[in-house]
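Trainee: Please see the structure below; I have some questions.
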Amino acid sequence: MRILITAGPTREYLDEVRFLSNASTGKMGYALAAAAVAAGHQVELVTGPVCLKPPQGCQVTAVESSQEMFDACERLFAACDGVIAAAAVTDYTPKLIAKGKIKKTGQGLTLELVETADVLAALGATKGRRWVVGFALEAQNPREGALRKLSTKNCDAIVLNQPSAIGSEDNRVELITANGQTAATWADSKSAIAKLLIEWIEANLWV
């Protein structure tokens, strides 16, 4: 298979030095890329800014903003059999980016934010016969949120994990299929979970 994998955070700049982002390290996405390569698959890794060395054997596209990730995924997905969207894409971006550096004035600062392009929804809407596996990091009503994402993004499966996974070497996830059923629950290192997820995709989604 040729698999598109997204990893890491994205950054949305307020001015030329400050940005909105999140604490994603990219470890889960990079573990998935390594596991897919080890299983003999071709991997297109689209990665936000992280402090990790990409696994050998995959094609890497480095991006920074959510729009850059959207554009790269849209371009690469056409030649892939499926996608694992593990990136933590920033949901909002400033409507206007200030020139230079915003200075302190002694007053409060109001930012107007707009939603970023939805990478997973776009891939799900155009998947055709390709498969789509998303990740859902949920803090409140986690399973409800994951099921909503599974449906609205037109995924074939969703991997539900918790905020405690951020920065950790380990993870605890629930794999939920398109019919809303739990296919597996894994608690292990991210590398071990990545291997299990690739094996599940091979057995259930690879036609």
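What follows draws every value from the coordinates through simple rules; no lab data is involved. Just so it is clear, the model here is predicted, and its values are computed rather than measured. Backbone-built Cβ (ideal geometry, glycine too); neighbour counts: all protein chains shown.
Trainee: Whose amide H sits under 5 Å from the amide H of D170, counting only residues 5 or more places off or on another chain, with H placed in the peptide plane?
Mentor: Under 5 Å from the amide H of D170 lie the amide H atoms of K190, each far enough along the sequence or on another chain.
Trainee: Ok, one more. Hey, fewest Cβ within 10 Å first, where do I5, I84, I176 land in order?
Mentor: I176, I84, I5
Trainee: Something else: Let me make sure I get this right: for the stretch 85-196, a, b and c are the square roots of the gyration tensor eigenvalues over alpha carbons, sorted descending. Under 1.5 in a/c it's rounded, otherwise prolate if a/b > b/c, else oblate. Which is it? All intermediate terms of the calculation are to be shown ahead of the outcome.
Mentor: Details: a/c = 2.57, a/b = 1.73, b/c = 1.49.
Prolate.
Trainee: Among D170, D156, which comes first, second and so on when ranked by fewest other beta-carbon atoms within 10 Å?
Mentor: D170, D156
Trainee: Further question on the same structure: Taking every DSSP beta bridge that has both residues in the chain, what percent is antiparallel when rounded to the nearest 5?
Mentor: 40 percent
Trainee: Projected onto the charge dipole of the chain (+1 at Lys/Arg Cβ, -1 at Asp/Glu Cβ, origin at the Cα centre), which of L120, T10, A35 gives the Cα projection farthest towards the positive end?
Mentor: The one lying farthest along the dipole's positive direction is T10.
Trainee: Let's see if you can work this out: charge +1 on each Lys and Arg Cβ, -1 on each Asp and Glu Cβ, no other charges. What is the dipole magnitude of the chain about its Cα centre, in debye to the nearest 20?
Mentor: Computed about the Cα centre, the dipole is about 300 debye.
Trainee: Hey, for a label at K104 modelled as a point 7 Å past Cα toward Cβ, could you say which residues of the stretch 2-17 have their backbone N under 20 Å away?
Mentor: 14-17
Trainee: Using 1/(1 + (r/R0)^6) with R0 = 22 angstrom and r between the beta carbons of S189 and C51, what's the FRET efficiency to the nearest 0.05?
Mentor: According to the calculation, E is roughly 0.75.
Trainee: Using each residue's phi in the stretch 77-83, evaluate 6.51 cos²θ - 1.76 cosθ + 1.60 at θ = phi - 60° and report the 3J(HN,Hα) Karplus result to the nearest Hz, with x for Gly and Pro.
Mentor: 4, 4, 9, 10, 8, x, 9
Trainee: Let me ask you something else. Taking the Cα centre as origin and putting +1 on Lys and Arg beta-carbons and -1 on Asp and Glu beta-carbons, what dipole magnitude results for the stretch 88-207, to the nearest 20 debye? The partial results should precede the final answer.
Mentor: On the way: 15 positive and 13 negative charges, 128 e Å.
Dipole size: approximately 620 debye.
Trainee: To check you understand DSSP bridge types, tell me what percent of the beta bridges within the stretch 112-207 (both residues inside) are antiparallel, rounded to 5.
Mentor: If we restrict to bridges inside the stretch 112-207, about 70 percent are antiparallel.
Trainee: Please report L150, L76 as a ranked list, fewest other C-beta atoms within 10 angstrom at the top and most at the bottom.
Mentor: Final ranking by Cβ density, sparse to dense: L76, L150.
Trainee: Positive end of the dipole of the stretch 1-135, charges at C-beta (+1 Lys, Arg; -1 Asp, Glu), about the Cα centre: which of F19, P94, L111 has its Cα farthest in that direction?
Mentor: F19
Trainee: Let me ask something additional. Using just the helices of the chain, give the 222 nm mean residue ellipticity in deg cm²/dmol: DSSP H runs with n ≥ 4 each add -39,500 (n - 2.57), and the total is spread over all residues, rounded to 500.
Mentor: Numbers: 5 runs with 57 residues, N = 207.
Computed mean residue ellipticity for the chain: -8500 deg cm²/dmol.
Trainee: Using Cα pairs closer than 8 Å and at least 6 residues apart in sequence, work out the relative contact order for the chain, in percent.
Mentor: Relative contact order here is 21 percent.
Trainee: Between D15 and Q162, with labels modelled 7 Å along Cα→Cβ, what's the label distance in nm to one decimal, could you check?
Mentor: Reported label-point gap for D15 and Q162 is 4.0 nm.
Trainee: At 7 Å along Cα-to-Cβ for each site, give me the label-to-label distance between R172 and W206 in nm.
Mentor: Here the answer is 3.0 nm between the modelled labels.
Trainee: Long-range amide H contacts for A136: which residues qualify at under 5 Å (H placed 1.01 Å from N, peptide plane, sequence gap of 5 or more or a different chain)?
Mentor: Excluding prolines and chain starts, which carry no amide H, the hits are V159, L160, N161.
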